[in-house]
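Quick notes on the structure that follows.
Any read-out appearing in this document is the output of simple, stated calculations on the displayed coordinates, not a laboratory observation. Computed from a prediction, not measured in an experiment: that's the story for all the values here. Cβ sites come from the backbone with ideal geometry, for glycine too, and all protein chains shown count toward neighbours.
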Amino acid sequence: NGQNFRTYLSPSSTLGLKDFSQEQGGSLFMSLLSVCNVLFHKYTSDTDFIIGTPIAGRDHSDLMDQIGFYVNTLALRNHIDSEDNFVSLHNRVKDNFLSSYSHQMYPFDYLVKDLELNRDTGRSAIFDVMLALQNVKENVLDLEISEDHIGSIIDVGSRLSKFDLELNFTEIGECLCLDVTYNTSVYDGEMIQGMMIHFQQLLNSLL
């Protein structure tokens with residue numbers, strides 16, 4: 001059982017994050033991943049996080065034009081040092097992601113098997129949080145976002161939740177849209193809405 005909330009990051013925050021990513025020689029996804037790791041560290045004081053992300057699974061040129069479902073999952077493990085500044089953390093997350101990406105064709109099911117984990121069939125095997133940056137569809141590029149929507153939390157309604165927490169970012173015009181789907185048996189809506197507000201405050205502070 002899941003619930004979905006949505007918010008839109010301001011154009012200035014979105015542009016600032018893109019500029020930062022370019023300055024550091026990374027991608028927008030790497031920067032979002034870094035911010036999320038900081039956010040979870042602030043919430044939990046933990047320093048070791050594993051976040052999953054879907055990967056296209058089409059690294060061979062012969063697969064580019066084929067019809068089929070090739071999606072694999074990467075488990076991105078990062079360690080947070082509270083003494084780091086954000087640039088240092090980002091660069092470590094970037095290097096770690098590039099290293100993980102080089103193994104993108106290693107099947108996730110094999111990873112689960114090789115780790116010989118004590119499985120709880122009611123939970124995801126390796127991670128509880130999924131993070132994704134979606135490609136923009138042409139039909140939403142011209143979507144006008146009301147100023148009232150910037151920074152506010154919109155209740156989208158109930159939705160199937162495959163993980164405890166799913167954060168899906170989409171570039172829409174000059175803004176980043178953040179959709180958060182959560183397991184209602186694990187979190188309550190007030191906590192998730194607060195976390196989404198804190199994400200935006202943290203992002204602006206880091207920038």
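Using alpha-carbon positions, what is the distance between the centroids of segment 91-118 and segment 157-196, in Å?
After rounding, the separation between the Cα centres reads 24 Å.
Length gain on complete extension for the stretch Leu15 to Ser102, per 0.36 nm per residue less the alpha carbon to alpha carbon distance?
In short, 28.5 nm is gained.
Would you pull out the residues with amide H under 5 Å of Thr184's amide H, same chain only if 5 or more places away, H placed 1.01 Å from N?
Excluding prolines and chain starts, which carry no amide H, the hits are Gly2, Gln3.
Towards the positive end of the charge dipole of the chain, with charges on Cβ (+1 Lys, Arg; -1 Asp, Glu), say which of Val35, Ile55, Gln134 has the farthest Cα.
Of the options given, the answer is Ile55.
At 0.36 nm per residue, and after removing the present C-alpha to C-alpha distance, how many nm does the segment from Glu83 to Thr44 gain when stretched out fully?
12.4 nm
Could you go through segment 14-31 in sequence order and give the Karplus-derived ³J(HN,Hα) for each residue, using 6.51 cos²θ - 1.76 cosθ + 1.60 with θ = phi - 60°, rounded to whole Hz, and x for Gly and Pro?
4, 5, x, 5, 5, 5, 4, 4, 5, 4, 8, x, x, 10, 4, 4, 4, 5
What full-extension length gain, to one decimal in nm, is calculated for His198 and Val156 as 0.36 nm per residue of separation minus the Cα-Cα distance?
Computed gain between His198 and Val156 is 13.2 nm.
With the cut-off at 1.5 for a/c, could you classify the chain from its C-alpha gyration tensor as rounded, prolate or oblate?
Note, shape of the chain comes out rounded.
Could you check what % of the DSSP bridge pairs in the chain are antiparallel, to the nearest 5?
Bridges in the chain are about 75 percent antiparallel.
Which ³J(HN,Hα) values, rounded to whole Hz and listed in residue order, are derived for segment 189-197 from phi using the Karplus coefficients 6.51, -1.76 and 1.60 in 6.51 cos²θ - 1.76 cosθ + 1.60 with θ = phi - 60°, glycine and proline given as x?
Per-residue couplings from phi come out as x, 4, 5, 5, 4, x, 5, 5, 5 Hz.
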